[in-house]
Structures are given as structure tokens and as C-alpha cells.
Amino acid sequence: MEIFELAEKLKSLRERKKALEEEAKNLSHEIEETEAELTSRMIESEMQSFQKAGTLFYLNTKVFASPIPEKKQQLFQALKDNGYGDLVYETVNSNSLSAFVKEQIEQNEDKLPEWLDGLVNVYDKVTIGMRKAK
């Protein structure tokens, strides 16, 4: 396959992926709306479950929790103090870490600073950028 054919294939694949992602987003929204309506109607009908076309549909209650942003550190400490420290872990966003390491390398004569050596894996990946031609 020649270079221009590969370029067209790449462009086509990226466009298809974008279209599929948009379709998936729309389907997710439609699923949420339909599920909310079905849930509401089942509750109104006092129906816990039913079978249709070989599938059992049933009401399922899930509990979701998230920390109050300004009390996040207090929550973490409370979990640790009460024996649930294994729920707490620190993370570093990979994109932020990559940008930070790139900046550090640029500021250190194109070398990884010693204090980061052995703590991060660094590699370059060559990709193809695309934009609309003028």
C-alpha cells in the first residue's frame, strides 16, 4: 500500500471512529432516558420485576457515593483512622505527568532529571497529525 493510500485509510478510520463514538454517546443517552421511564412506570405499577421475550427485567437499587470536594482529605483521614485505609490511594493523571516530565526534560538540557530517574518510564511515540488543509 502506498503512502497516500495509507493516509486516506487513516483519515477514513479516524472519521469512522469519531462517528461511532458520537453514535455510542447518543445511544447511551437514549438508554438512560428509556431506563428512567421504565423504572418510573415499574414503580408506579408497584412491579418489582417482569419477564419479556426470555429476559427478566427487575428494579435494582445501587448506592453511589463521592467525597465532598472540600472535605476530601478529612474523608481520607477518617477512612484511615477507622481501619479502611486500603480504600485510599493517590494517583497522578498520566497526561499531566507526561506534560510535567516533558517540561522537566526541556529544562534539564534534554535529559531526565536525576531525581526522576528510575521513577518514571519515558518513551517517544511518533504519530500522524491531521488537520484540514487550507
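The values are calculated or read from the model by the stated rules, or taken from the named source; none is laboratory data. Being a predicted model, the structure only gives us computed values, none of them experimental. A quick note on method: Cβ atoms are made from the backbone with ideal geometry, for glycine too, and the neighbour counts reach across all protein chains shown.
Give V120, V92, V126, V101 a once-over and let me know the one that is among the β-branched types (V, I, T) and not in a loop (DSSP other than H, G, I, E, B).
Details: V120 fails: not in a loop (DSSP other than H, G, I, E, B); V92 fails: not in a loop (DSSP other than H, G, I, E, B); V126 fails: not in a loop (DSSP other than H, G, I, E, B).
Being among the β-branched types (V, I, T) and not in a loop (DSSP other than H, G, I, E, B) holds for just one of V120, V92, V126, V101, which is V101.
Taking the stated definitions as given, is I43 on the phi < 0 side of the Ramachandran plot, more than 29 Å from the chain's Cα centre (by Cα) and outside any loop (DSSP other than H, G, I, E, B)? Considered against the rule, which asks whether it is on the phi < 0 side of the Ramachandran plot, more than 29 Å from the chain's Cα centre (by Cα) and outside any loop (DSSP other than H, G, I, E, B), I43 comes out as yes. If we scan the range 57-64, do we find a residue that is within 21 Å of the chain's Cα centre (by Cα), closer than 30 Å to L6 by Cβ and free of Cβ contacts under 8 Å to residues at least 24 places away in the same chain? No: zero hits.
Check whether at least one residue in the range 67-83 is more than 30 Å from D117 (Cβ to Cβ), touching a Leu at 6+ places or on another chain (Cβ under 8 Å) and surrounded by 10 or more Cβ atoms within 10 Å (Cβ to Cβ), and report yes or no. Yes, the range 67-83 contains at least one residue that is more than 30 Å from D117 (Cβ to Cβ), touching a Leu at 6+ places or on another chain (Cβ under 8 Å) and surrounded by 10 or more Cβ atoms within 10 Å (Cβ to Cβ). On the stretch given as the range 104-117, residues that are in a helix (DSSP H, G or I) and of a type outside the set (F, W, Y) total 6. Of all residues in the range 5-19, at least one satisfies being within 30 Å of K132 (Cα to Cα), at pLDDT 95 or above and surrounded by fewer than 10 Cβ atoms within 10 Å (Cβ to Cβ). Counting the residues of the range 84-95 that are surrounded by 10 or more Cβ atoms within 10 Å (Cβ to Cβ), among the small types (G, A, S) and under 22 Å from the mean Cα position of the chain (by Cα) gives 0.
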